[in-house]
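Novice: Starting off with a structure, shown below.
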Amino acid sequence: MLIVSFRKVILPLAFLVCLTAGSLSAQTSHYFDYRKFNLGFTMGMCLAHYDMTAQINQFDQSTGRVVHSVQLVPKPGVYLGLITNLKLHEYFDLRFMPSVSLEERDFLFYLDSTTTNSDPIVRKKIESSNLNLPLAIKFKSDFHRNVRVWVMGGIQPSLNLASSKKVRNDPDLLKVNNFDMQYLASVGIDLYGEKLKLSPELRFTRGFRNIYIPDRTRFPRAISDLFSQLLVLNINFE
């Protein structure tokens, strides 16, 4: 499952950054490090996924069909946001980063061919336009040759701004709760220029709550829970 792949990416990178942070020696600093408050923006691409539990071999009384498996297909999206950074300590910052992510996931319901004469695969999807409000602590290494590596962790309330009317009226869309609470973890590198700090970042978020709503769905029992996941590769400008 893709959730394993996400964790295999984030955890080794975070461990590597922590080791690097401990091995770097402090040299000359940069004026960005003395500023109490910084503003910036972020932009990048995201890969939307769910941690899903499927209930296979479900019989649908209304159609006489049996769903023998469900496949989740992650799809790329767009991630844009703002950055507010408050310096707490030489090595710690508090960051509030409101952002918008455009996400889409496809679900393939595989039907038992013995119970249907129509297409054995039914495709449904979940579309979302999320307003994310992450609050996180950033831990930075020492400054070394215009570079600092860092790790970051925090929580992220997320609100789906997609029209609920569209979801109700479109039989090909699955329904999820509009509000989600997630944790986030990320690793990155600060690259200092004369007037700009550029920071490539790899971020992972996962929801705490089951947001699946089995309402007006052709196979409501085929999925028991969905926990949101998002892998983001973005560039921060400060």
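All of the numbers you see were taken from the coordinates with simple rules; none came from a lab. Computed from a predicted structure; not experimentally measured. Virtual Cβ from ideal backbone geometry, glycine too; neighbours counted across all protein chains shown.
Novice: Output the peptides 226-236, 36-46 sorted from most to least packed, where packing is the average of other Cβ atoms within 10 Å over each peptide's residues.
Specialist: 226-236, 36-46
Novice: Taking the beta-carbon count within 10 Å as an exposure proxy, list Y110, Y192 from fewest neighbours to most.
Specialist: Final ranking by Cβ density, sparse to dense: Y110, Y192.
Novice: Evaluate the distance, in nm, between pseudo-label points positioned 7 Å from the Cα of H144 and of S129 along their respective Cα→Cβ axes.
Specialist: Label-label distance for H144 and S129, simple model: 4.4 nm.
Novice: Counting other beta carbons within 10 Å of each Cβ, put Y50, Y91, Y212 in order, fewest first.
Specialist: Listed from fewest to most nearby Cβ atoms, that is Y91, Y212, Y50.
Novice: Quick check: from the Cα gyration tensor, does the range 181-227 come out rounded (a/c under 1.5), prolate or oblate?
Specialist: prolate
Novice: Turning to a different aspect of this structure: Fewest Cβ neighbours within 10 Å first, please rank R105, R218 accordingly. List each step's numbers first, then the result.
Specialist: On the way: R105 24, R218 16.
Ranking R105, R218 by Cβ neighbours within 10 Å, fewest first, gives R218, R105.
Novice: Got a sec? Charge dipole of the range 71-116, +1 on Cβ for Lys and Arg, -1 for Asp and Glu; which of L86, P98, L108 is way out at the positive end?
Specialist: Highest projection toward the positive end goes to L86.
Novice: Measuring from label point to label point, each 7 Å out along Cα→Cβ, what is the D106 to N210 span in nm?
Specialist: The two pseudo-label positions are separated by 2.7 nm.
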